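The values are calculated or read from the model by the stated rules, or taken from the named source; none is laboratory data. Treat the numbers as computed from the prediction; the structure is a model and nothing was measured. Cβ placement follows ideal geometry from the backbone for every residue including glycine, while neighbour counts extend to all protein chains displayed. Accessible surface areas use protein heavy atoms only, side chains included; no ligands, DNA or RNA. Shrake-Rupley method; radii C 1.70, N 1.55, O 1.52, S 1.80 Å.
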Amino acid sequence: MDKVVVSLGGSVLVPDEQDDDYISHLSSLLRSLRNRYELYAVCGGGRVARYYIETGRKLGMPVATLDEMGIDVTRVNARLLRSALGEAASPAAPATIGEAAAAGGPGRIVVMGGTVPGHTTDGVASMLAEAVGASRIVNATSVDGVYDSDPRGNPSAKRYARLTFQELADIIGTEHGAGRNAPFDPLGASIVMRRRIPLMVLAGRDLRAVKKAIIGEEFDGTLIDG
Ligand code: UTP
């Protein structure tokens with residue numbers, strides 16, 4: 001059975017306007033696929049995490065503390081999705097990659113947030129994909145793919161349909177900074193490149209694209225592979 005890790009951006013799961021419909025539809029989709037794929041969902045922190053991180057930064061807190069507040073928020077988001085999934089979710093709330101890998105199995109969706117300071121949940125998704133031998137990572141973000149410049153600031157930005165791992169690494173750079181915005185975490189990019197794990201970047205709100213990517217079909221977004 002194929003194993004698939006879905007990295008869910010915090011702003012996808014918890015947008016500015018309260019949206020229980022989305023979480024309900026996402027849960028139905030994941031439930032409908034759980035007997036065909038071994039699924040792992042990693043939840044990001046989104047705007048709420050950024051709020052804590054920015055406030056802590058202004059108050060002069062050390063980066064590790066900012067990261068830990070970010071991790072706390074990702075875990076609350078994971079709890080929200082796990083609860084929405086009900087009995088389809090593994091009851092475990094994994095705090096480490098090892099715990100998440102041990103909780104996985106056919107029919108059980110594992111849901112987690114962050115692990116330790118120093119990376120983001122994209123990095124967690126990549127480490128988890130490496131640990132369980134996942135066939136692919138679906139990165140469900142607030143943007144519908146990887147662009148040559150920020151599409152929110154530049155209306156003529158062009159979306160890549162396909163990139164190599166090296167091209168993704170060149171776009172991202174190497175710096176980690178708490179709360180930073182990039183198409184994928186540098187640590188995660190280096191892991192998928194080393195382990196050659198296909199990465200699909202798409203709009204998490206587009207559940208058609210999410211479904212197609214999970215089942216390995218052509219989807220609307222950016223495919224990063226070989
Ligand atoms: P996110 O994974 O949401 O980071 O974790 P992000 O990439 O900044 O957010 P999106 O994708 O744009 O929504 C939020 C913050 O929590 C800390 C980091 O500071 C991260 O920026 N974090 C998260 C960790 O330090 N370790 C983890 O394992 C996860």
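Can you go through Ala129, Ala125 and tell me which one is within 16 Å of Arg196 (Cβ to Cβ), under 15 Å from the mean Cα position of the chain (by Cα), near the ligand (Cβ under 10 Å from one of its atoms) and in a helix (DSSP H, G or I)? Just a single option satisfies the conditions, and that option is Ala125. If only residues of the range 1-60 that are among the β-branched types (Val, Ile, Thr) and open to solvent by 40 Å² or more (accessible area, probe 1.4 Å) are counted, the one that is farthest from the ligand (Cβ to nearest atom) is Thr55. Residues in the range 89-107 that are touching a residue at least 24 places away in the same chain (Cβ under 8 Å) and either surrounded by fewer than 19 Cβ atoms within 10 Å (Cβ to Cβ) or within 16 Å of the ligand (Cβ to nearest atom) (or both): Ile97, Gly98, Ala100, Ala101, Gly105, Pro106, Gly107.
Taken together, the residues in the range 132-164 that are assigned to a loop (DSSP other than H, G, I, E, B), of a type outside the set (S, T, N, Q) and open to solvent by 60 Å² or more (accessible area, probe 1.4 Å) amount to 8. Arg196 meets each of the listed conditions (1) touching a residue at least 60 places away in the same chain (Cβ under 8 Å); (2) at positive phi; (3) not hydrophobic (A, V, I, L, M, F, W, C) apart from (1). So which residues in the range 1-38 are under 13 Å from the mean Cα position of the chain (by Cα) and within 15 Å of Lys212 (Cβ to Cβ), if there are any at all? Answer for the range 1-38, where residues must be under 13 Å from the mean Cα position of the chain (by Cα) and within 15 Å of Lys212 (Cβ to Cβ): Val4, Val6. Within the range 108-118, the residues that satisfy the criterion of being surrounded by 19 or more Cβ atoms within 10 Å (Cβ to Cβ) and within 13 Å of the ligand (Cβ to nearest atom) are Met112, Gly113, Gly114, Thr115. Given the structure, is Asp67 touching a His at 6+ places or on another chain (Cβ under 9 Å) and either within 16 Å of the ligand (Cβ to nearest atom) or on the phi > 0 side of the Ramachandran plot (or both)? Against the criterion (touching a His at 6+ places or on another chain (Cβ under 9 Å) and either within 16 Å of the ligand (Cβ to nearest atom) or on the phi > 0 side of the Ramachandran plot (or both)), Asp67 qualifies.
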